[in-house]
Amino acid sequence: MVELKTSRDTAAPAHGLTADDLVVVPVRNHGRWVAAAASLAALVGLVGSLAGNDNLRWDIVGQYLFADLIFDGLFTTLWLTAAAMVLGLALGTLIAVMRLSSSPVLYGLATFFVWIFRGTPLLVQIIFWGYAAALYKYVMIGIPFTDITFFRAETNSLLTPAVAALLALGLNEAAYASEIVRAGIQSVDTGQTEAAHSLGMRPALTMRRIVLPQAMRVITPPMGNETINMLKMTALVSVISAHDLMSNIQDVYAQNYQVIPMLVVASLWYLALVTLLGIPQAWLERRYGRGTAQAQQVSPLQRLLGGTARTARVGNRVMNKEAGR
Amino acid sequence: MSAPTEHVEGVPLVHAEGVRKHYGRLEVLKGIDLTVRRGSVCCLLGPSGSGKSTFLRCINHLEKVDGGRLTVDGELVGYRQHGGKLHELREREVAERRRDIGMVFQRFNLFPHMTALDNVIEAPVRVAGVARAQAREEAVQLLERVGLADRAGHYPSELSGGQQQRVAIARALAMKPKLMLFDEPTSALDPELVGDVLDVMRQLADEGMTMVVVTHEIGFAREVGDTAVFMDEGVIVEAGDPRQLLVNPEQERTRAFLSKVL
Ligand SMILES: Nc1ncnc2c1ncn2[C@@H]1O[C@H](COP(=O)(O)OP(=O)(O)OP(=O)(O)O)[C@@H](O)[C@H]1O
Ligand SMILES: [Mg+2]
């Protein structure tokens, strides 16, 4: 610990010492070190017992960790996560704007949507979309109550397990995202809207250019969490065999009965993906924190790596200037 | 900065006749009659809650007028007269009309996610359809005019209050308005920063901009104002030459107010 000497000469001399002799001693956290040591010991014990457990069959884990079947599942899981989040955020933003609109019809529709999709279990929704073909044999687009149809197809051919999974996850996400986006929009000072309006900007332009970019600062952290949740929730679509990571894992252990090792394989991959997702999340938070004091805060990890949010932000600005913005 | 339409001196740019506004049961404006001539500076004074901001916001339709007639450059604000009826305008049409009216707010309301320069070019590019390069050039000139050419790349959070307010003025001017509204532009500022903002406003007045200014700066009203209007409880108590009204008011209420502010 560094001992700092204060150079304040206004302090009253105590015990015959002058102010210059006084020394500042930072608080020492002995308890913190003891707790850290104890936790580390427990962790080492746990990992050791797992590693040495023959029932875990690490050979099976190793055999399947990089198997083609697993990579196929990973690919599906990833695109399903991405597509469901895009659908959820886009539709969620629309619903948030509808809920904030002065039209009672739009407000009612949006509220009804959120009520339905938040009020029923996701698992039920997934199975529903998986079996929706039982409800409507054909999908048609035309003018109701006439014979005019522009498009007609068998529901089964359109609503493949992957599409059903996407719909279920995306629509469910939209309900949650809409609440996050709504909170974000409401966090933006009304003075911003007024300033934009006074410049002649229309409501839609004001929303897109002024309100939403500022709302993003509030929206990004919870949406990052939603993405991480989504990645894990895709495992639920194994109930309609959408060929995601979990579906394929289940297919394997249905045959070889190695449930625990296969679950370890799945967990390792989910963990790896969730960890990777933290990187774009941190970037987005910095991007939308521009122009705020929070952008200058430095996390312990950033301090460890030597970079600071402050330099990143200044770098951003320089780049913007160079790009002629 | 001059209006694109015919520039007839003396023809009123803002004309209010019996303007009323209420929030629920609370009557905030109880029939305001006011005329602002083209190229003149009108200063609105009055105690807190007297309805100054509300009236100012009615002029660019940030608040809906409930009664009476309010016109800017001969056009009704927020309505179209058709036969004997007033038809409320669509958002699109209201936005169109607001382009000619600049507004400066007490709390600046700069867009915090944009640099000073981006704040200024946003509306010309997105609303008026000015080419980016040209908008940039004009924005740099405007920032120079308000003395902030070297701050173009700064975000609002990196500027002092006085600097932010001057960027806000530049932002409003970028749309080349024929009327500028100021709602207590200096009351959120530290005393030593007030002067810079008032200087910019004074310069603007000298260039012939029509301005309606809500302010507690009696000195500014006296020097720059062509008319001073004293409001209280939703009515205009007294209006006239600021050098007369602010020095030797006729009404007791005005005198009482001035003795508190000075
Ligand atoms: N959105 C609103 N809803 C309800 N009442 C409002 C609203 N806006 C203003 N008022 C009321 O209208 C009255 C006039 O307000 P206004 O802001 O116009 O006063 P002001 O003269 O600008 O005062 P100040 O000098 O404090 O800014 C006040 O009594 C205020 O409480
Ligand atoms: Mg006010």
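Here, each number is a calculation from the coordinates, and none is a lab measurement. It should be emphasised that the depicted structure is a prediction, and the values quoted were computed from it without experimental measurement. Glycine gets a Cβ as well: all are built from the backbone with ideal geometry, and neighbour counts include every protein chain shown.
Computed quantities for the displayed model
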item: In Hz, Karplus ³J(HN,Hα) per residue of the range B:91-108 (6.51, -1.76, 1.60; θ = phi - 60°; x = Gly, Pro); result: 3, 4, 6, 4, 4, 4, 6, 5, 4, 8, 10, x, 9, 10, 9, 4, 9, 6
item: Cα centre as origin, Lys/Arg/Asp/Glu Cβ charges: the range A:105-187 dipole, Debye; result: 60
item: Listed residue (A:124, A:101, A:168) projecting farthest to the positive dipole end of the range A:20-168, Cβ model; result: A:101
item: Rounded FRET efficiency, nearest 0.05, which uses the C-beta distance separating residue A:29 from residue A:51 and R0 of 25 Å; result: 0.20
item: Whole-percent pair-distance distribution, where bins are 10 Å wide, for the alpha carbons of the range B:1-136; result: 10, 34, 36, 18, 3, 0
item: P(r) histogram, all alpha-carbon pairs of the range A:57-290 included - 5 Å bins from 0, percent; result: 1, 6, 11, 13, 15, 14, 12, 10, 8, 5, 3, 1, 1, 0
item: Directionally averaged shadow of the range B:31-106, computed from the convex hull of its alpha-carbon atoms, nm²; result: 5.9
item: Normalised convex hull volume, the range A:150-275, alpha-carbon set, Å³ per residue; result: 129
item: Spacing of the two label points (7 Å from each Cα toward its C-beta) at residue A:40 and residue B:203, in nm; result: 6.3
item: Most positive-pole-ward Cα, A:195, A:240, A:65, against dipole of the range A:57-290 from beta carbon charges; result: A:195
item: Hull-based mean projected area of the range A:175-219, where the convex hull spans the alpha carbons, in square nanometres; result: 2.9
item: ³J(HN,Hα), Karplus 6.51/-1.76/1.60, whole Hz, each residue of the range A:132-147, x for Gly, Pro; result: 4, 4, 5, 8, 10, 6, 10, 9, 10, 10, x, 9, x, 6, 10, 8
item: Listed residue (A:85, B:68, A:184) projecting farthest to the positive dipole end of the protein assembly as shown, Cβ model; result: A:85
item: Dimensions in Å of the range B:113-214 - Rg and Dmax from alpha carbons; result: 13.0, 39
item: Residue B:235 versus residue A:107: modelled label distance in nm, points set 7 Å from Cα along the beta carbon direction; result: 3.6
item: Cα-based convex hull volume of the protein assembly as shown per residue, rounded to whole Å³; result: 270
item: Sequence-distant residues sharing a close amide H with residue B:104 (under 5 Å, placed H); result: B:181, B:182, B:183
item: Descending semi-axes in whole angstrom, ellipsoid equivalent of chain B, from the Cα gyration tensor; result: 29, 24, 16
item: Least to most buried among A:129, A:115, A:269, A:79 (fewest other Cβ within 10 Å first); result: A:115, A:79, A:269, A:129
item: ³J(HN,Hα), Karplus 6.51/-1.76/1.60, whole Hz, each residue of the range B:146-160, x for Gly, Pro; result: 8, x, 10, 4, 7, 10, 3, x, 8, 7, x, 5, 9, 10, 6
